[in-house]
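*Asks:* Quick one: structure below, then a few questions.
Every number in this text was worked out from the coordinates using simple rules, so none of it is lab data. Computed from a predicted structure; not experimentally measured. Glycine also receives a Cβ, built like all others from the backbone with ideal geometry; neighbour counts cover every protein chain displayed.
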Amino acid sequence: MCSPSCGPGYRHRVVLCKSGDSGDTLPESNCPKQSRPTTRVRCNLQRCPPPQWVTGPWGECSSRCGLGQEKRSVQCLSRSGQPSSECMESQRPAAMQQCQSKCDIIGPTDNPEECKDVNTVAYCPLVLRFKFCSRPYFRQMCCKTCQGH
């Protein structure tokens, strides 16, 4: 059997000194050293399949409302599962991508006091100016400014 299963390896064998007449095993000193066959022979000269990029599952979106990012692990592994540095960097899959989370839309209310701009949001006039009130996230964060638009 060849070890390893791919790539250059060696096959080992037992070499004995035998009597030509009886076939009995003799001490090695009874046989000429120059005609002794090797105990190890090269084998599996074909190349191993190349390592490849392996990706994990995408993680959760970083945003609970609107645009965010999600991440995953990306590793270069040999066919045996060992880490490798031989994958082509140009073929590396993305480890991060943009994601969109649905926003919980606050429905219209009869009580106008409940519709207000969130205090931490200073950009509500810009939301109105650039016509972003149609987007659920901005409509929720700038409710008062977006009212009637």
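*Asks:* How do Leu26, Leu16 rank when sorted from fewest to most other Cβ atoms within 10 Å of their own Cβ?
*Replies:* By the 10 Å Cβ count, ascending, the order reads Leu16, Leu26.
*Asks:* Run the helix sum for the chain: -39,500 (n - 2.57) per DSSP H stretch of 4+ residues, divided by residue count, reported at 222 nm to the nearest 500 deg cm²/dmol.
*Replies:* Result for the chain: -2000 deg cm²/dmol, rounded to the nearest 500.
*Asks:* Could you tell me the calculated FRET efficiency between Gln75 and Arg13, based on Cβ-Cβ distance and R0 = 41 angstrom, to the nearest 0.05?
*Replies:* 0.60
*Asks:* Full extension from Lys116 to Ala94: what is 0.36 nm times the residue separation minus their Cα-Cα distance, to one decimal in nm?
*Replies:* Residue separation times 0.36 nm, minus the Cα-Cα distance, leaves 3.9 nm.
*Asks:* Continuing with the same structure: Please give the length that would be gained between Arg47 and Ser85 if that part of the chain were fully extended, namely 0.36 nm times their separation in residues minus their C-alpha to C-alpha distance (nm, one decimal).
*Replies:* Here the answer is 12.0 nm.
*Asks:* Sticking with this structure for a sec: Within 10 Å, at most 11 other Cβ atoms, and a DSSP state outside H, G, I, E, B define an exposed site. Report the longest part of the chain free of exposed trypsin sites (Lys or Arg not before Pro).
*Replies:* Result for the longest clean stretch: 65-101.
*Asks:* Ranking Ser78, Ser134 by Cβ neighbours within 10 Å, fewest first, what do you get?
*Replies:* Ser134, Ser78
*Asks:* What order do you get for Met141, Met88 when you list them from fewest to most C-beta neighbours inside 10 Å?
*Replies:* Ranking Met141, Met88 by Cβ neighbours within 10 Å, fewest first, gives Met88, Met141.
*Asks:* Loop sites only, by DSSP: take the GluC sites (Glu not before Pro) in the chain that have at most 13 other C-beta atoms within 10 Å and name the longest stretch containing none of them.
*Replies:* 87-149
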